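One structure below.
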Amino acid sequence: MADTTHGHTPLSSRWKQIDKAWLALVVILALQAIFDFAHLGDTIRFALEALLSTAPFILFAVLAIGYLKASGAENLLAKAFEGRELRMIVFAALLGGLSPFCSCQVIPFIAALLAVGAPLSAVMAFWLASPLMDPAMFSITAGTLGLDFAIAKTFAAVGLGLMGGALTMLFAKSVVFADPLREKPQVGGCCGVKKPFSGAPVWKFWGEAERRESFREAVVENGVFLLKWLAIAYVIEAIMIRYVPADLVAGILGGAGVVPIMLGALVGAPAYLNGYAAVPLVDALLQQGMSNGAAMSFVIAGGVSCIPAAIAVWALVKPRVFAAYIGFAMLGAFLAGLAWQSLA
């Protein structure tokens, strides 16, 4: 009997191959076409115009990331985990909040550092700061929410890293942080983790074919990544502005008290899967009455707890350490929201 299964892909395998972000975009537009076809063109037009206005920031971001990847700048991360512990925390928070490497992209580094005894406090500082800000995030945030908001979020990212690292160092001998690593850490990731170039960075990378190819791959990969998430975010922003009553948003997340800031953190933690997509969503919510403090707490809590960042931490440490990571994120988001509310 002939093997009729050869060459056929199971339905489950095909489902795994589908990019869920593009699928969600198609589904959202299809639903609007079904229920309100008259305004479908307005939604698409809004998203396209927003993408065009953001294009210069996207281009700068992907070129910067490609350059740093191809030059091997990831190796600079190791320097954040050398010297005295307090110095490590400060350096790790700064590097996490300013570098273009997210938590899941540097899992191999983090796993190796933890395995050879790098302090969890410094790793926690990096983990908390790295999902919140990088050159791409800064550019897109500044272009959409304003330069002041982007700068404030950068300070919040570094501050959260410092706070989490310091608290982890302070309670290092507690039951929460004792023996933090899983027995078999899962060194993988959500961002296409690849082994970085070894040795010192090569800033003039274009002389080596392998590094040129790494640059091309990084630019294409990150360009597509930003395009798909921003496309779906701008479509959702257009739909929110049209269909979500502004009075509802203003009533729940508006005002100057601490309650909207707390709600911003609580809603932000599970609300979005990607920090880049959150920027247009926050822009829409601000237009509808969301308070400035709630907006900041929303993006901080959601950025740290979003699935890509959370997977990176969950893959390496035990659940109690992961719970501390989420707890630090919520506390830091609330404090950042209070600070921004008082300033803005």
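Scanning segment 96-115 for residues that are at pLDDT 75 or above and crowded, with 23+ Cβ neighbours inside 10 Å, we see that the one that is nearest to residue 316 (Cα to Cα) is 96.
Looking only at segment 241-259, filter to residues that are in a loop (DSSP other than H, G, I, E, B) and modelled with pLDDT under 75; which one of those is surrounded by the most Cβ atoms within 10 Å (Cβ to Cβ)?
Pass one, segment 241-259, residues in a loop (DSSP other than H, G, I, E, B): 244-245, 254-257.
Among the residues that remain, those that are also modelled with pLDDT under 75 are: 244-245, 254-256.
Working: 244: 13, 245: 10, 254: 19, 255: 17, 256: 11.
For segment 241-259, the residue satisfying everything is 254.
Of the set (1) surrounded by 20 or more Cβ atoms within 10 Å (Cβ to Cβ); (2) farther than 20 Å from residue 147 by Cα; (3) modelled with pLDDT under 90, all apply to residue 328 but (3).
Of everything in segment 12-38, what is touching a residue at least 40 places away in the same chain (Cβ under 8 Å) and closer than 15 Å to residue 231 by Cα? Give them in sequence order. Of everything in segment 12-38, those that are touching a residue at least 40 places away in the same chain (Cβ under 8 Å) and closer than 15 Å to residue 231 by Cα turn out to be 19, 21, 22, 24, 25, 28, 29. Looking across segment 34-67 at every residue that is touching a Leu at 6+ places or on another chain (Cβ under 8 Å) and modelled with pLDDT of 90 or more, the one that is nearest to residue 223 (Cα to Cα) is identified as 44.
Residues in segment 296-322 that are without any contact (Cβ under 8 Å) to a residue 60 or more places away in the chain and either aliphatic (A, V, I, L, M) or outside any helix (DSSP H, G or I) (or both) were compared, and the one that is surrounded by the fewest Cβ atoms within 10 Å (Cβ to Cβ) is 310. Among the residues of segment 207-240, the ones that are surrounded by fewer than 13 Cβ atoms within 10 Å (Cβ to Cβ) and in contact (Cβ under 8 Å) with a residue 60 or more places away in the chain come to 1 in all.
Can you give me the number of residues within segment 261-296 that are at pLDDT 80 or above and either under 23 Å from residue 331 (Cβ atoms) or β-branched (Val, Ile, Thr) (or both)? Looking only at that region, the number is 16.
The values are calculated or read from the model by the stated rules, or taken from the named source; none is laboratory data. Just so we're clear, the structure is a prediction, and the values are computed from it rather than from any experiment. Here Cβ is always computed from backbone atoms with ideal geometry, including for glycine, and neighbour counts include all displayed protein chains.
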